[in-house]
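Student: Mind looking over this structure? Questions follow.
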Amino acid sequence: MRQLPQVEQAMGRQAIPLLRQLDAACTSVDDLTEATVESFETPGARSHYDRRRSIGARHTAAQRNLFSRMLGCLRHCFTKRTRYDEAIAFPTPEFPQFAATS
């Protein structure tokens, strides 16, 4: 009968990291959703998302690609010490028929 508290203690030690991982995953999903909703307000980001969807990407894949592109743009702005410019971050393609391949 003395093993029961030890088993519960061991299970508690295993459950805490799992709960932390779950919390981190939920937080990242919330951040991704919030960033995507806010980014859809800009025409360049919306057209990028729509372009990804038109070539057959699923919603989550297009969302993830948009989020990665935005993070890359922000990283560029921080490292180069420049201001964010949507015209540079999401330029309109010069040749729309070739835009889907990139």
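All of the numbers you see were taken from the coordinates with simple rules; none came from a lab. On a predicted model such as this, the values are computed, not experimentally measured, just so you know. Here the Cβ positions follow ideal geometry from the backbone for every residue, glycine too, while neighbour counts run over all protein chains shown.
Student: Assuming 0.36 nm per residue, please report the length gained on full extension of the stretch Glu86 to Leu74 beyond their Cα-Cα distance.
Tutor: 3.2 nm
Student: Quick check: residue separation of Ile16 and Ser47 times 0.36 nm, minus the Cα distance between them. What number comes out in nm?
Tutor: Numbers: separation 31, 0.36 × 31 = 11.16 nm, distance 4.19 nm.
Using 0.36 nm per residue and subtracting the Cα-Cα distance, I get 7.0 nm.
Student: While we're looking at this one, here's another question. Can you sort Leu18, Leu74 by how many other beta carbons sit within 10 Å, fewest first?
Tutor: Values: Leu18 9, Leu74 12.
Listing Leu18, Leu74 from fewest to most nearby Cβ atoms yields Leu18, Leu74.
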